[in-house]
């Protein structure tokens, strides 16, 4: 099995060398600090040799990476990581609360949440197959924001508020 992995690593190394040659022809260079390798599949966590550039600089293997703002996590299957999105969602929500505080009406805060926070949370969601666990995690994130806004821990109150929020959004379009 290691012989097959070595052949694949060598093939990938050849592809990288050809890409680097084209980039050098265009007077462009690979930024090693911004480059990483990530693996998916049954042997995603097995040790393997680092790839290197023509100048000898190694490109490290990583358990996660970002591409066009979407975060991927190494694993048995191709999957996205939404931890950073959830963190950014709460940062934007807290920024709204810090600016408007409790002075603005819930309707205004909901419109800001929809316009500024939800796009942060949902950016890139369509690029990956969502697992049930991912869906629940994203739903819980939104539910927590409603709990904070309406100052409640009751799931029934939050559910009613979310239903009203969705139906009011449909009527305004």
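The values are calculated or read from the model by the stated rules, or taken from the named source; none is laboratory data. For clarity, every value in this text was computed on a predicted model and none was experimentally measured. All Cβ positions, even for glycine, are placed from backbone atoms using ideal geometry, and neighbour counts span all protein chains on display.
Quick notes on this one:
- Enumeration of residues in the range 32-56 that are at pLDDT below 85 and either assigned to a loop (DSSP other than H, G, I, E, B) or over 30 Å from the mean Cα position of the chain (by Cα) (or both): 43, 45, 46, 47, 48, 49, 50, 53, 54, 55, 56
- Hey, residue 99 free of Cβ contacts under 8 Å to residues at least 40 places away in the same chain, assigned to a helix (DSSP H, G or I) and surrounded by fewer than 12 Cβ atoms within 10 Å (Cβ to Cβ) or not: yes
- Some residue of the range 75-93 being in a loop (DSSP other than H, G, I, E, B) and more than 17 Å from the chain's Cα centre (by Cα): yes
- Some residue of the range 111-134 being on the phi < 0 side of the Ramachandran plot, over 23 Å from the mean Cα position of the chain (by Cα) and assigned to a helix (DSSP H, G or I): yes
- Residue pairs meeting the criteria (Cβ under 9 Å; at least 6 apart or on separate chains; first outside any helix (DSSP H, G or I), in the range 138-153; second surrounded by fewer than 18 Cβ atoms within 10 Å (Cβ to Cβ)): 153/147
- Residue, farthest from residue 101 (Cα to Cα), within the range 126-142, restricted to residues that are surrounded by 13 or more Cβ atoms within 10 Å (Cβ to Cβ) and modelled with pLDDT of 90 or more: 134
- Residue that is farthest from the chain's Cα centre (by Cα), among those in the range 1-28 that are more than 26 Å from residue 77 (Cα to Cα) and surrounded by 12 or more Cβ atoms within 10 Å (Cβ to Cβ): 24
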